[in-house]
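The values are calculated or read from the model by the stated rules, or taken from the named source; none is laboratory data. The structure displayed is predicted, hence computed values, not measured ones. As a convention, Cβ positions derive from the backbone with ideal geometry for all residues, glycine included, and neighbour counts pool all protein chains shown. Protein only, heavy atoms only, side chains kept; ligands, DNA and RNA dropped before computing areas. Shrake-Rupley method; radii C 1.70, N 1.55, O 1.52, S 1.80 Å.
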Amino acid sequence: MSAVMDAVAYEPHEIADIFPLIKGPEFDELCNDIETHGLREPIWLYEGKILDGRNRHEACQITGTPIQSRDYEGDDPVGFVLSLNLHRRHLSESQRGMVAASIANLQNGGDRLTDQSANLQSASVSRSEAAKKLNVSERTVNNKADGAATFIVVNASAVEGCKHYSISEAA
């Protein structure tokens with residue numbers, strides 16, 4: 001079920017945020033490729049939001065390329081995103097630790113400021129389980145989770161209108 005739409009601006013699903021966005025020359029190369037060849041891999045949607053393909057979506061927006069999308073209808077959206085991204089990205093141990101910490105933090109769903117649920121349809125993932133899935137130590141996951149929480153609390157007031165940085169850049 002693929003839909004082709006022009007200039008559709010989808011929001012990312014929180015599950016998509018477990019992987020970092022690409023930027024700089026790597027993003028420029030993606031834009032050039034999409035402009036030259038079109039969108040070869042459709043964007044995956046879940047609950048009307050981008051589950052996989054945030055970078056492709058942005059590149060399509062920039063290049064004016066029609067967006068193709070598919071709806072994810074499975075029962076493990078986190079596992080789906082991991083399967084699509086773990087082997088095609090060249091993540092460092094530190095980045096895999098951040099992904100694992102993000103997965104473990106998804107257990108409550110929603111925005112974690114209210115009782116809102118993300119309706120993830122998958123069981124909670126412990127830090128230990130996330131570490132195994134991402135091939136990192138539980139200590140790495142704990143350090144990244146604790147560091148991310150500290151970073152978020154310290155910088156919460158400066159979020160609006162700011163440039164996005166990776167954790168390693170911001171540290």
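If each residue of separation counts as 0.36 nm, what is the full-extension length gain between GLU35 and ASN143 once their alpha-carbon separation is subtracted?
34.9 nm
Give, in whole angstrom and from largest to smallest, the semi-axes √(5λ) of the equivalent ellipsoid of segment 22-94, with λ running over the eigenvalues of the Cα gyration tensor. Intermediate results must be reported in sequence, preceding the final value.
On the way: eigenvalues 90, 62, 16 Å².
Taking √(5λ) for each eigenvalue gives 21, 18, 9 Å, largest first.
Tally up the carbon and sulfur contribution to the accessible surface of segment 17-57 as a whole percent, 1.4 Å probe, everything protein left in place.
49
Please list 3J(HN,Hα) in residue order for segment 22-31, calculated via the Karplus relation 6.51 cos²θ - 1.76 cosθ + 1.60 where θ = phi - 60°; whole Hz, with x for glycine and proline.
Calculated HN-Hα couplings, in order: 8, 7, x, x, 5, 5, 4, 5, 4, 4 Hz.
Using a basic spin-label model with each label point 7 Å from the Cα along Cα→Cβ, how many nm lie between SER94 and GLN61?
2.8
What FRET efficiency would be calculated for the residue pair LYS132, ARG70, taking the C-beta separation as r and a Förster radius of 25 Å, to the nearest 0.05? List each step's numbers first, then the result.
Numbers: r = 29 Å, r/R0 = 1.15.
About 0.30, to the nearest 0.05.
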